[in-house]
Amino acid sequence: MDLQEVVDETARVLDASATLEDRAFQLLAYAAQSGDLDTVRRESILRRRASDEVRAYFEGFGIASARGPVRIPADEGLGVLARVCVPLRHREVTYGYLWLLDSGALDDRRLAEAAPLVERAATALAREARARQDLGSGLRDLLSADPEVRASAELDVEGPVAAIAVWSAGGRVVPLWTLPRGVLADAGDPLTAVLAPAAQAGDAAARVQAMYGTPTGVGAPRDDPGEAWRSWREATLALRVAERVPRFAPVAVWAALGVHRLLARLPAAELAGLAAEAAPLEGELAHTVAVYLDRGGRARETAQELGVHRQTLYYRLAKAERLTGLDLADGESRLTLHLGLKAAELLRGPGRS
C-alpha cells in the first residue's frame, strides 16, 4: 500500500478529509474532499506545501515532538478549520504529518481505528528517508572534479539541478532528512553538499543555512546532472564570498556575484597582487573610496550614502589619490583601485567587514 492508498483508506475509515505531508510540510498525498474545505487545505493542494505563517502556527502546538494526535483549534484569520494532526513517527523520529479536518467527531476511539494505517505511513516515510540518505552517500562522487569518479556515481538524477555548499559547523548533526523530496544531501566535514532541483535551490539553501547557521553558497543551475560538479565548484566559491563579503551573506548565489565570480577563482597570491594597489587605504578611507566607485563615481549619491558633506568626500578622495598615486578621474586607474579593494575583501578573514 503506497502513501496515496494509505490516505484514501484513512479518509474512508474515519470519514474525514485527509492530507499527508512530509516534515517540511510538502504535500505528498491527499484524499478526495468531503465536507468543508478551508483555505489552508486548498492552498496546500494547489501549491503543494503550506505557507511559512501556517507552518509556524501548527508547529506552535508542538507537533514535531508530539507522540500522539494533536488537536489544532480553528483560526479564522489564517483560514484554518479545526483539525487533528497525527505525527508520523518511526523509532522516535517524526517523518511527516497526517492531517484530518475535524468537525468534532474524531474522538480518541475513532482515531485509534486508523492506528495501523498511521504506522504504515510512518514506516514508508522512514524507508524513503533512509533511501535518500543512501543516495546522498553517492553525491560526492557525482560532484567530483575527477571524471572517472563521476562515472562511478550510481545516482539517477534529473536536471536542471543546482549545487549548494555550506560549512558543517564543526560536524554538528542537523536534520537534513527534512529537506524536500528530490533534494539530495551529504553531511561532511568541513562542507556539507546538497544537490537540489534548480527550482528548489533557493529554498533548500535557505533551509540548510538555517540548520547550520553558517555561510552558504549556491552554484548556477545545470541542465545536465553530469555537469553538476561545475555547479558544486561555483557553490564552494560563492561560499568563500559569502563568508568574507557581508553584503552577500549569509547565502551567496553565484549568478548574483558580479565581478566576485572572477575574483573568487583567483589564488591568494594573485588576489594579493591586486589588493596591493589598494593597500595604502584603510578603514574609513577605504570604505569611502569603495562606495564612491560602487556608485560609478557619482559624488552626490556617495555623500548621501556615507552621510557626509560633499566637500568631506572630495577631501577623502584627494587623500586616496595621494596615497595610492592613482588618478580617480582616469577610468583605468578607477578599475585598478576598484578591483584592488574587492580583492582585499576576499583576503580578509571570514566574518570580517
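The values are calculated or read from the model by the stated rules, or taken from the named source; none is laboratory data. Since we're looking at a predicted model, the values are computed, not measured. Glycine also receives a Cβ, built like all others from the backbone with ideal geometry; neighbour counts cover every protein chain displayed. These accessible areas exclude ligands, DNA and RNA; they are computed on the full protein's heavy atoms, side chains included. Shrake-Rupley method; radii C 1.70, N 1.55, O 1.52, S 1.80 Å.
Things to note:
- Residue match in the range 239-260 (condition: among the β-branched types (Val, Ile, Thr), at pLDDT 95 or above, assigned to a helix (DSSP H, G or I) and within 28 Å of the chain's Cα centre (by Cα)): yes
- Evaluation of residue 319 against (1) free of Cβ contacts under 8 Å to residues at least 24 places away in the same chain; (2) surrounded by fewer than 16 Cβ atoms within 10 Å (Cβ to Cβ); (3) over 23 Å from residue 244 (Cα atoms) (one fails), failing number: (1)
- Out of 86, 70, sole residue that is more than 27 Å from the chain's Cα centre (by Cα), surrounded by fewer than 21 Cβ atoms within 10 Å (Cβ to Cβ) and at pLDDT 90 or above: 70
- Residue check, residue 198 aliphatic (A, V, I, L, M) and either touching a residue at least 24 places away in the same chain (Cβ under 8 Å) or closer than 20 Å to residue 24 by Cβ (or both): yes
- Residue 310 vs. criteria more than 18 Å from residue 282 (Cα to Cα) and either within 34 Å of the chain's Cα centre (by Cα) or open to solvent by 80 Å² or more (accessible area, probe 1.4 Å) (or both): yes
- From the list 110, 67, 120, the lone residue that is among the basic types (Lys, Arg), part of a helix (DSSP H, G or I), closer than 28 Å to residue 179 by Cβ and in contact (Cβ under 8 Å) with a residue 12 or more places away in the chain is 120.
- For the range 273-285, the criterion of being loosely packed, with under 15 Cβ neighbours inside 10 Å, hydrophobic (A, V, I, L, M, F, W, C) and within 24 Å of residue 346 (Cβ to Cβ) is met by at least one residue.
- Selection status of residue 228, over 30 Å from residue 290 (Cα atoms), aliphatic (A, V, I, L, M) and open to solvent by 40 Å² or more (accessible area, probe 1.4 Å): no
- In the range 168-193, the residues that are within 22 Å of residue 125 (Cβ to Cβ) form Cβ pairs under 6 Å with partners that are in a helix (DSSP H, G or I) and modelled with pLDDT under 80, at six or more places apart or across chains, as follows: 177/129; 184/135; 184/136; 185/136; 186/136.
- For the range 204-214, the criterion of being open to solvent by 10 Å² or more (accessible area, probe 1.4 Å), polar (S, T, N, Q) and not in a helix (DSSP H, G or I) is met by at least one residue.
- Any hit, the range 211-226, residues being hydrophobic (A, V, I, L, M, F, W, C) and modelled with pLDDT under 95: yes
- Filter result for residue 157 (open to solvent by less than 20 Å² (accessible area, probe 1.4 Å), among the β-branched types (Val, Ile, Thr), touching a residue at least 40 places away in the same chain (Cβ under 8 Å) and over 22 Å from residue 267 (Cα atoms)): no
- Qualifying residue in the range 46-54 (condition: β-branched (Val, Ile, Thr) and at pLDDT 85 or above): no
- Of all residues in the range 231-245 being within 19 Å of residue 174 (Cβ to Cβ) and among the aliphatic types (A, V, I, L, M), the one that is surrounded by the most Cβ atoms within 10 Å (Cβ to Cβ): 235
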